[in-house]
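S.K.: Below is one structure. I have some questions about it.
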Amino acid sequence: MNNLINPQNASFLLQLYEEYLNDKNSVDSQWRGFFSTLPGDSLLDSDFERPASWSTSKTEIIGAFSDDAKTSSHETHTPTDDIDARQSILDSLRAIAMIRAYRIRGHLKAKLDPLDLSEKEPHPELEPSNYGFNSQDWDRPIFIDNALGFEKASLRQIMDALEKTYCGSIGVEFMHIQDPEQKTWIQNRIEQIQNHTDFTVLGKKTILERITAAECFEKFLAVKYVGTKRFGLDGAESVIPALEQILKRGSQLGLEEVVVGMAHRGRLNVLCNVMKKPFRAIISEFLGNSAYPVDAGGSGDVKYHMGSSADREFDEKMVHLTLSANPSHLEVVNAVVVGRARAKQAQRGDVSRKKVLGILLHGDAAFAGQGIVSEVLAFSQLRGYRTGGTIHVIINNQTGFTTDPAYSRSSPYSTDVAKMVMAPIFHVNADDPEAVIHATRIVTEFRQEFGVDVILDMIGYRRFGHNEGDEPMFTQPKMYKKIKTHPTTRQIYATQLEREGVIEKGGGDQLVAEENKRLNAEFDAGINYKPNKADTLDGNWSGIKPAQGGPRRGDTGVDLEQLNKIGLALCTIPSEFNINTKLQRIVSQKETMITSGEGIDWATAEALAFGSLLVQGNAVRLSGQDSGRGTFSQRHSVWTDQVNEERYIPLNNLLDNQKTFEIIDSPLSEAAVLGFEYGFSQAEPKALILWEAQFGDFANGAQVIVDQFISSGEDKWLRMSGLVMLLPHGYEGQGPDHSSARLERYLQLCGDDNIQVVNCTTPANYFHVLRRQIQRDFRKPLIVMTPKSLLRNKLCVSSLKEMGPGTTFHRVMHDVVPLCPDESVARVIICSGKVYYDLFQERAKRKIKNIFFLRLEQLYPFPKEALLNELARFPEAEVVWCQEEPENMGAWTFVDRKLEEVLVELGGRSLRARYIGRPEAASPATGSLGTHNAEQALILDQAMSDVEQGPKRNVSSERQAAE
Ligand SMILES: Cc1ncc(C[n+]2csc(CCOP(=O)(O)OP(=O)(O)O)c2C)c(N)n1
């Protein structure tokens with residue numbers, strides 16, 4: 001080996017050493033032994049972030065090498081020129097180790113903080129002395145084999161290049177990326193130009209103009225509306241030209257549409273200066289006016305939550321922009337934006353995912369703190385969710401409300417979570433706008449090239465408090481003392497351009513004056529500004545109208561021949577396909593259902609609903625944990641070949657020109673996946689979009705999506721969604737967390753015709769309610785309590801005819817075959833969902849004839865008229881509400897008031913329903929199967945006991961007499 005350490009092999013050795021540094025096991029043990037004596041060992045990937053624990057002197061290294069030489073059987077003496085040759089190789093290897101150290105850790109030394117508050121310790125690995133170099137070595141040429149663009153360079157040149165490339169206003173973290181191509185791309189992109197762009201005069205002037213517009217916007221509002229919350233961008237104005245750069249560079253690289261999500265900070269500025277929302281419209285909202293015309297409806301939202309859209313032109317290329325409306329809840333909009341971007345890619349046939357881009361702007365504290373950030377990052381390369389990479393821009397003002405980073409994260413940067421998807425991270429000093437634009441350009445190119453997430457961490461500061469009424473000196477006095485005297489980014493940059501002669505002396509102030517003049521004119525126009533018509537039902541939404549009242553059935557029945565064809569296609573096993581034998585039996589049972597037209601179970605009805613939509617031209621997308629097979633082994637919408645594991649999806653093999661059925665096993669997340677599907681549904685009204693919880697209980701991990709978007713989004717932002725949530729629900733003795741989908745939560749949210757909540761008891765009704773989502777001219781989210789045991793209950797079946805022409809969804813279902821004349825009915829039990837079958841069997845077992853069942857299939861909108869009609873048949877009967885859930889859960893507290901209204905209006909015997917169900921409880925269900933069975937038996941007994949048998953009293957006339 002010793003013979004190989006000579007100048008002829010220098011390139012080979014350097015390459016081998018690089019390989020060793022990437023993975024020490026990639027070289028053989030002798031080389032490993034030799035390389036381990038060099039200082040680069042601390043840079044091995046395994047201990048990446050740990051500061052160096054060694055400080056090896058040059059003599060030690062040579063000593064190690066000399067020892068090696070001494071042990072070589074070929075060497076008896078060491079001539080001077082050999083020593084020189086080896087010395088120069090060792091110099092090369094040590095230089096390579098140092099270059100690598102800068103690639104990995106140079107960002108630690110970069111000048112990222114505009115306020116320069118952080119006291120940085122010099123990092124030992126970024127010191128030449130740690131590689132055995134000393135002051136005499138500075139001008140000796142070292143062979144570095146084209147690293148940093150030099151074949152040979154002096155230490156002085158190497159250090160200069162390293163400092164400029166890795167330790168200027170930009171700190172790059174990219175060595176954590178596993179893909180060598182991506183890593184090399186970044187390395188080349190930044191090293192060849194020392195991470196710096198020489199902007200043209202026009203380029204520099206444009207940057208200054210954008211920064212001036214950003215600053216003037218905030219300052220103008222600060223003067224006109226003193227202390228009014230606007231969550232100003234002051235201290236991070238460079239965000240505006242950065243976003244412009246993404247759009248401009250992106251459009252050169254094929255970008256046509258962008259979906260943006262962001263929180264409060266700088267949102268108004270982005271609306272005005274990027275989305276080009278007229279300043280007069282923003283002023284009108286500051287004056288307290290609504291963002292929408294008066295007749296548009298809705299309850300509205302604060303101005304820094306509103307969405308917007310615009311078409312922007314860059315070098316004759318149009319880019320459509322959408323800023324998603326968002327709630328106060330930080331980071332939850334991420335999922336919605338990514339889902340929306342994915343839907344838009346589908347609409348544009350953007351297979352390469354280069355036409356549509358999601359951009360997310362984050363606060364530093366929120367990005368580090370909120371769990372949904374990592375859930376959404378995890379979508380990055382997932383087949384069912386990827387969007388070709390999201391560009392993340394952190395508006396990093398080094399504070400979260402009043403909280404310092406030391407209290408809000410355990411990692412060095414707020415961006416470390418992004419390393420989990422190996423996203424490259426560019427930290428950049430926001431007071432250096434040219435560096436910001438340069439980094440943004442690279443970030444955009446990287447995303448378009450590799451289709452992965454990228455992070456731009458723009459480090460600025462917050463000039464005022466969290467909002468404009470806040471006093472930041474209470475908590476960050478040092479920082480704010482510094483900020484008071486710190487010039488604005490615009491001032492710094494204007495001075496730089498004056499110094500460079502790009503603009504004349506005073507040119508910066510002149511730009512400010514011009515911008516203020518424009519804002520003043522807009523301000524005057526804002527006083528009488530009237531918003532145009534709401535644009536929420538344009539484009540893909542044309543044909544959709546605001547919902548009206550009434551039964552709103554929709555035309556959901558399907559031609560029987562067509563249902564038959566779909567059904568049989570679902571049972572056709574391709575000849576080459578090696579199907580699982582158990583599945584084969586299931587498929588053949590399905591075939592019997594279809595051919596006989598009877599006994600159609602839940603899963604088959606669902607597949608028929610999906611299939612009928614697909615062939616009529618509506619795509620279907622269902623995602624959830626293990627949804628392909630189905631948690632309860634019921635769906636089997638994806639078949640796996642038992643030999644080669646190829647997947648076959650019967651619903652995608654119905655017709656040649658059918659729409660696509662996307663069925664996705666989701667990552668194990670609730671909030672992000674539900675948010676994603678909500679976002680998808682917002683962009684795509686013509687597809688049926690469904691999210692399924694593994695068990696309904698788990699949906700509470702996504703409560704924020706339900707509260708902030710699904711139930712209130714239309715009212716706040718006039719944005720409809722036809723999303724369906726499938727929530728397995730039912731008391732079957734499976735314990736506290738596999739019984740209840742928390743129906744009560746959804747019912748409590750119902751109001752103002754916002755969502756629909758159903759708990760169907762028949763496959764046919766489920767079929768209709770799914771189809772109804774698409775077959776009407778409005779969209780509303782649909783919450784479905786779905787069954788578990790009923791999936792295999794022989795009573796819970798429908799006939800094909802019940803899905804045929806003229807059939808429809810029933811909001812209330814009654815006993816089909818009455819057991820006694822209406823006048824003889826002593827008790828009407830109203831219930832919803834699975835308990836109906838328990839009650840049905842108990843009534844049959846006890847041979848009771850005078851109890852009548854009404855099933856409330858749709859709980860909201862509450863079918864008052866239908867119930868009035870049904871209950872009018874039994875004025876003298878006792879009315880009971882029966883549920884399996886504890887009294888403080890389930891539908892009881894919701895239906896109680898509503899039923900009372902119906903019963904009072906009817907004026908019959910019962911003015912309020914009597915409750916039968918589990919007593920109130922803290923936990924939704926018992927953990928003991930025995931207790932569960934006893935409780936269930938008690939409910940049934942109470943429901944069936946004490947029914948009046950004799951002639952009934954005429955209670956209404958008795959009551960009248962008493963009055
Ligand atoms: C989920 C959530 N929790 C708490 C809050 C309250 N809150 C609003 S802004 C803020 C600080 C955010 O800090 P950062 O992410 O750094 O953004 P900045 O305001 O500094 O721009 C907090 C805690 C919120 N809006 N959302």
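S.K.: Tell me what the chain gives for mean residue ellipticity at 222 nm when only DSSP H runs of n ≥ 4 count, each as -39,500 (n - 2.57), the sum divided by the residue total, rounded to 500 deg cm²/dmol. Mind showing how you got there, number by number?
M.R.: Details: 30 runs with 365 residues, N = 963.
Dividing the helical sum by the residues of the chain leaves -12000 deg cm²/dmol.
S.K.: Could you list, bin by bin from short to long, the percent of Cα-Cα pairs of region 290-444 in 10 Å steps?
M.R.: 9, 33, 37, 18, 3, 0
S.K.: Sticking with this structure for a sec: Treat every Asp and Glu Cβ in the chain as -1 and every Lys and Arg Cβ as +1, leave all other atoms uncharged, and give the resulting dipole magnitude about the Cα centre to the nearest 20 debye. The partial results should precede the final answer.
M.R.: On the way: 108 positive and 128 negative charges, 491 e Å.
I would put it at about 2360 debye.
S.K.: Do the alpha carbons of any pairs in 248/545; 204/482; 152/204 sit beyond 30 Å of each other, and which pairs?
M.R.: From the list (248/545; 204/482; 152/204), the Cα-Cα distance tops 30 Å for 248/545; 152/204.
S.K.: Heavy-atom accessible area per residue, region 730-832, 1.4 Å probe: how many Å²?
M.R.: In whole numbers, region 730-832 has 32 Å² accessible per residue.
S.K.: Which of the listed residues, 712, 783, 750, is farthest toward the dipole's positive end in region 709-794, when Lys, Arg count +1 and Asp, Glu count -1 at the beta-carbon?
M.R.: Farthest towards the positive end: 783.
S.K.: Please list the non-local residues whose amide H lies under 5 Å from the amide H of residue 618, H modeled 1.01 Å from N, same-chain partners needing a gap of 5 or more.
M.R.: 659
S.K.: When you count, for each residue, the other Cβ atoms within 10 Å and take the mean per peptide, how do 823-831, 95-103 rank with the highest first?
M.R.: Packing proxy ranking, top to bottom: 95-103, 823-831.
S.K.: What's the angle, to the nearest 10 degrees (0 to 90), between helix 489-500's Cα axis and the longest principal axis of the chain?
M.R.: 30
S.K.: Hey, another quick one. Report, in cubic angstrom per residue, the convex hull volume of the C-alpha atoms of the chain.
M.R.: Working: hull volume 212.4 nm³, N = 963.
About 221 Å³ per residue, rounded to a whole number.
S.K.: What whole-number value in cubic angstrom gives the convex hull volume per residue for the C-alpha atoms of region 382-438? Intermediate results must be reported in sequence, preceding the final value.
M.R.: Numbers: hull volume 7.0 nm³, N = 57.
Convex hull of Cα atoms, per residue: 122 Å³.
S.K.: So what does the Cα-only Debye profile of region 257-309 read at q = 0.12 Å⁻¹, as log10 I(q)/I(0), no solvent term?
M.R.: At q = 0.12 Å⁻¹ the computed log10 ratios are -0.27.
S.K.: Diagonalise the Cα gyration tensor of region 710-771 and give the resulting equivalent ellipsoid semi-axes, square root of 5 times each eigenvalue, largest first, whole Å. If you can, show how the numbers build up before the last one.
M.R.: Details: eigenvalues 121, 55, 16 Å².
After diagonalising the Cα gyration tensor, the semi-axes are 25, 17, 9 Å.
S.K.: Given Cα pairs under 8 Å that are at least 6 residues apart, what percent is the relative contact order of the chain?
M.R.: Contact order relative to length: 9 percent.
S.K.: If the cut-off is a Cα-Cα distance under 25 Å, which lysines reach residue 845, setting aside same-chain residues fewer than 8 apart in sequence?
M.R.: 788, 794, 834, 952
S.K.: Using the Cβ atoms and a cut-off under 11 Å, what net charge is assigned to the surroundings of residue 116, where Lys and Arg are +1 and Asp and Glu are -1?
M.R.: 0
S.K.: Computed on alpha carbon atoms, what radius of gyration and Dmax characterise region 375-489, expressed in Å?
M.R.: Rg and Dmax of region 375-489, Cα atoms, are 16.4, 51 Å.
S.K.: When the Kirkwood radius is taken over all Cα pairs of region 814-952, what Stokes-Einstein diffusion coefficient follows at 37 °C and 0.692 mPa s, in µm²/s?
M.R.: For the chosen part, D equals 213 µm²/s.
S.K.: Mean separation of Cα pairs under 8 Å and 6+ residues apart, divided by the residue count of region 740-874: what relative contact order is that in percent?
M.R.: 33
S.K.: Could you tell me how far the Cα centroid of region 851-895 sits from the Cα centroid of region 402-461, in Å?
M.R.: So the separation of the two Cα centres works out to 56 Å.
S.K.: Right, another one. Taking all pairs of different Cα atoms in region 422-574, averaging 1/r and flipping that mean, what Kirkwood radius in angstroms comes out? Present the calculation step by step, with values, prior to reporting the outcome.
M.R.: Working: mean 1/r = 0.0431 Å⁻¹.
It works out to 23.2 Å.
S.K.: When ranked by the protection proxy of mean other Cβ atoms within 10 Å per residue, highest first, what sequence do the peptides 356-365, 517-526, 382-391 form?
M.R.: Those peptides, ordered most packed to least, come out 356-365, 382-391, 517-526.
S.K.: Using the heavy atoms of the protein chains and a 1.4 angstrom probe, tell me the accessible area per residue for region 219-358 in square angstrom.
M.R.: Values: 4740 Å² over 140 residues.
Here the per-residue accessible area is 34 Å².
S.K.: Explain nothing, just the number: dipole magnitude of region 153-276 about its Cα centre with +1 on each Lys and Arg Cβ and -1 on each Asp and Glu Cβ, in debye rounded to the nearest 20.
M.R.: For region 153-276, the charge dipole is close to 540 debye.
S.K.: What's the local net charge at residue 592, with K and R +1, D and E -1, over the other residues with C-beta under 12 Å away?
M.R.: Neighbour charge sum, excluding residue 592 itself: -1.
S.K.: Among 728, 101, 562, whose Cα sits farthest toward the positive end of the charge dipole of the chain (+1 at Cβ of Lys/Arg, -1 at Cβ of Asp/Glu, about the Cα centre)?
M.R.: 562
S.K.: If you take the charge dipole of region 124-179 about its Cα centre, with +1 on Lys and Arg Cβ and -1 on Asp and Glu Cβ, which of 171, 132, 154 is farthest toward its positive end?
M.R.: Comparing the listed Cα positions along the dipole, 154 ranks first.
S.K.: Per Stokes-Einstein, at 25 °C and 0.890 mPa s, what whole-number D in µm² s⁻¹ belongs to region 680-785, with the Kirkwood radius over Cα pairs as the hydrodynamic radius?
M.R.: The estimated diffusion coefficient comes to 173 µm²/s.
S.K.: Measure nothing fancy, just the Cα-based angle from helix 58-71's long axis to the longest principal axis of the chain, in degrees from 0 to 90, nearest 10.
M.R.: 90
S.K.: Using amide H atoms built in the peptide plane, which far-off residues or other-chain residues are under 5 Å from residue 309 H to H?
M.R.: 323
S.K.: If you don't mind, there's one more thing I want to ask. Can you tell me the orientation of helix 333-348 relative to the chain, as the angle in degrees between its alpha-carbon axis and the longest Cα principal axis, to the nearest 10?
M.R.: The angle comes out at about 90 degrees.
S.K.: What aspartates and glutamates could a cross-link reach from residue 590, if we take a straight Cα to Cα line under 13 Å and drop same-chain neighbours fewer than 8 places away?
M.R.: 598, 601, 606
S.K.: Still on this structure, I have one more. Dimensions of region 848-917 along principal axes (Cα, Å, largest first)?
M.R.: 30, 29, 20
S.K.: In debye, nearest 20: dipole of region 342-412 around its Cα centre with unit charges on the Cβ of K, R (+) and D, E (-)?
M.R.: That gives region 342-412 a dipole magnitude of about 600 debye.
S.K.: Hey, rough spin-label estimate for residue 381 and residue 937, points 7 angstrom out along Cα→Cβ, what's it come to in nanometres?
M.R.: 5.6
S.K.: Hey, could you pull the Cα Rg and Dmax for region 152-248, both in Å?
M.R.: 18.9, 61
S.K.: Based on the mean of other Cβ atoms within 10 Å per residue, sort peptides 407-420, 692-705 so the most packed one is first.
M.R.: The densest-packed peptide leads the list: 692-705, 407-420.
S.K.: Summarise the accessible area of region 317-458 (1.4 Å probe, protein heavy atoms) by the percent that is carbon and sulfur.
M.R.: The computed percentage sits at 51.
S.K.: Counting just the Cα atoms, what span does region 604-658 cover along each of its three principal axes? Round to the nearest Å and put the largest first.
M.R.: 33, 23, 17
S.K.: Compute for region 648-691: radius of gyration divided by Kirkwood radius, i.e. Rg/Rh, restricted to C-alpha atoms, rounded to two decimals.
M.R.: 1.03
The values are calculated or read from the model by the stated rules, or taken from the named source; none is laboratory data. Treat the numbers as computed from the prediction; the structure is a model and nothing was measured. Neighbour counts run over all protein chains shown; Cβ positions are idealised from the backbone, glycine included. When the accessible area is computed, the model is the full protein with side chains, heavy atoms only, and any ligands, DNA or RNA have been set aside. Shrake-Rupley method; radii C 1.70, N 1.55, O 1.52, S 1.80 Å.
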